[in-house]
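The values are calculated or read from the model by the stated rules, or taken from the named source; none is laboratory data. All figures in this text were calculated on a predicted structure; none of them were measured in a lab. Reconstructed Cβ throughout: ideal geometry from the backbone, glycine too, with neighbour counts over all protein chains shown.
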Amino acid sequence: MKKLILNLLTITLATAALDLCHAQNEIQIQQQIKVLGTTPPIPVALDGFTGEAAEVLKFDLYVQGFSFVTPDAAQYLIHGSGAGGVTGSVTDKFANKMILSRSYNGASLRRQAHAFADDIVQTIQNKKGIGQTKIAFKSQAPGGNGEIYVADFDGYGAQPVTSDATIVARPAWVPGRLALYYTSYARGNPDIFYHSLSSGQRRVVAGYSGLNTSAAVSPDGAKVAMILSKAGSPNVWVCNADGTNLKRLTTGIEDSSPCWSPNGDWICFATKKAERRRLAKVPTGGGEVQYLNTTGAANPTEPDWSPDGKWIAFTRMAGDFDICVMPADGSLAPTALVAGQNPSWAPNSRTLIFNRGSAGRQMLSVLDVFTKQYKDCHRATGSNSQPAWAR
Amino acid sequence: MNMNKMIFPLVVALAATLASTGCKKGFTKVTPLPGEYAHTPGGDQQPPTLPASQPMVPEPMPTTTPIAPGTTPTAEIDLNNYNQDRAALAAYTVHFKFDSAVVQDKEQANITSVGQALTADANAKLLIEGHCDERGTEEYNRALGERRALALREALQKNGIDAMRIKTISYGKDKPADPGHDEAAWAKNRRGEFILLHPK
């Protein structure tokens, strides 16, 4: 952190010296670019942990912007052990004092290590860690059929939610609840189901003629946006959580992948205008569609709005697929980060889960958008795709 | 504010009354006087010297129903009530250009053949499956597949087939015809398949 501030100070001074007139603007731009993909990680030294505990700590911290170096080069020293329960401490080398010391018991060793990682993130970054969060995703067999799964965010502990042996798609969490919406062809048509994970009960929320897919739940859980073709073309519709009060929001020729702004005011989606793929947003109560400026990112699809409202992640297709991120206010062009598809934000608004790999053999991977560090998740059976982070 | 609220309905009612009674009075007052030609066109008191001409029969015009893409609601067809005949129309599978749902001119013969099959069997219905190649994200392709199926439905509509006889389903890129990963495979996978539905 101190290093980062020092770097920025250096840039500030250098730019100010070079050109006082433009200094303000240029610094702002430099800071933004620095933030996406080029922010240096926080160097830490990990000591004393072995096996599963070490693995969990490394994974969790790496995808939240930490790097592992020798004690000499480290800013923080993380020391501890996983034997007989996780015990750990963090020492700030600059301040020369211990800033965290804790032991964990109960649950599994993995869970204890995740909890320690969360405490490290909270202590050093002053942010809630993602170590104990969940994801949902789709696992597909070569024939095309698949099931919806839920797992820890690193892919461990994967459990099937469905057992229909049919085509499934696009799971979406109800914010803050153990419940999903997803698409299933179980009734011979792509329909949207609501599925309570706590009761195991499920029901069809949208089973209209034509396409019913891409459910996305509003931040307050009261509304669901989705793609329906019942009026003659795939468009964005919105309804209450139980499927009532259905309303059409768009009338374009081909829309897909709606997502909500965290304040619930906008739905961002992929569309086509003059045969070109674009990202656009529409007021959730209905209104004029506004097109987003995604200059430099060809064929944008699959937008996801970060929980802090600042960023929109999406997939671009230029030969292959890349994960891109841009400021939600359109103030800067998108930054392409890594090859992959289907980005979904973690609750921390800095980590994304996405899928990557060869066609028919996708795996989930977790990316820190600021340092561009990413790691592959533990694989579930089949091709893993369309991850959705519970938040 | 309260005054306005009370007065507004009164004004509306008054305006409506005036409008209706005014119209009636206008018509009842025009009573032709005896001995004068009525100046109404086509009136029956024209001078008798003019020869009667052959009445002109307007040439029948074809009735047209403009089909704007993406505006015909999808049909409620329960597949459980039909047997699916995949073989009957398998020869007429339509292929699309990359990332396009436009039915190409060269596919018209296939559309015509499918239309003829539906015309020949009034009880039959049609299922159109829309498919994509793998070069597109999953949900994007699910929308594109649906759009392709709907475009084929619109093409059949133009051939006189009732859109309510046609159900569309998109499989996105989940059911490729060819599992390969090259242009030859992709060209085969960007397609619309026609399945004839016979009532059970």
Inset, instruction - Working carefully through the options B:A185, B:A151, find the one that is surrounded by 15 or more Cβ atoms within 10 Å (Cβ to Cβ), among the small types (G, A, S) and either under 25 Å from A:T315 (Cα atoms) or within 8 Å of another protein chain (Cβ to nearest Cβ) (or both). - result: B:A185
Legend entry - Search result, residues across the range B:162-182 that are surrounded by fewer than 20 Cβ atoms within 10 Å (Cβ to Cβ), of a type outside the set (G, A, S) and outside any helix (DSSP H, G or I): B:D162, B:K175, B:D178, B:P179, B:H181, B:D182
Inset, instruction - Go over the candidates A:G106, A:G88, A:G82 one by one and state the one that is more than 24 Å from A:Q373 (Cβ to Cβ) and without any contact (Cβ under 8 Å) to a residue 60 or more places away in the chain. - result: A:G106
Inset, instruction - Assess whether B:A88 counts as being part of a helix (DSSP H, G or I), more than 27 Å from A:G146 (Cα to Cα) and touching a strand residue (DSSP E or B) at 6+ places or on another chain (Cβ under 7 Å). - result: no
Inset, instruction - Would you be able to say whether some residue in the range A:139-156 is surrounded by fewer than 17 Cβ atoms within 10 Å (Cβ to Cβ), within 14 Å of chain B (Cβ to nearest Cβ) and touching a residue at least 60 places away in the same chain (Cβ under 8 Å)? - result: yes
Inset, instruction - Name every residue in the range A:239-259 that is more than 9 Å from every other protein chain (Cβ to nearest Cβ), surrounded by fewer than 24 Cβ atoms within 10 Å (Cβ to Cβ) and either assigned to a loop (DSSP other than H, G, I, E, B) or touching a Ser or Thr at 6+ places or on another chain (Cβ under 7 Å) (or both), in order of residue number. - result: A:A241, A:D242, A:G243, A:T244, A:N245, A:L246, A:L249, A:T250
Inset, instruction - Tell me, yes or no, whether the range A:149-157 has at least one residue that is under 30 Å from B:K167 (Cα atoms) and in a loop (DSSP other than H, G, I, E, B). - result: no
Legend entry - Residues of the range A:116-169 that turn out to be touching a Pro at 6+ places or on another chain (Cβ under 6 Å) and not β-branched (V, I, T), as a count: 4
Legend entry - Restricting the range B:70-109 to residues that are among the polar types (S, T, N, Q) and more than 7 Å from every other protein chain (Cβ to nearest Cβ), the residue that is surrounded by the fewest Cβ atoms within 10 Å (Cβ to Cβ): B:N80
Legend entry - Identity of the residue in the range B:127-148, more than 7 Å from chain A (Cβ to nearest Cβ) and assigned to a helix (DSSP H, G or I), that ends up nearest to A:P387 (Cα to Cα): B:N141
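Quick grid of which residues meet (1) within 14 Å of chain B (Cβ to nearest Cβ); (2) modelled with pLDDT of 95 or more; (3) closer than 25 Å to A:S385 by Cα:
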| position | (1), (2), (3) |
| --- | --- |
| A:A270 | yes, yes, yes |
| A:K273 | yes, no, no |
| A:R277 | yes, no, yes |
| A:A280 | yes, yes, yes |
| A:A298 | yes, no, yes |
| A:E302 | yes, yes, yes |
| A:A313 | yes, yes, yes |
| A:R316 | yes, yes, yes |
Inset, instruction - Would you be able to say whether some residue in the range B:190-197 is within 11 Å of chain A (Cβ to nearest Cβ) and farther than 18 Å from B:Q84 by Cβ? - result: no
Inset, instruction - Identify, by number, the condition in (1) part of a loop (DSSP other than H, G, I, E, B); (2) within 14 Å of the chain's Cα centre (by Cα); (3) not acidic (D, E) that A:V338 doesn't meet. - result: (1)
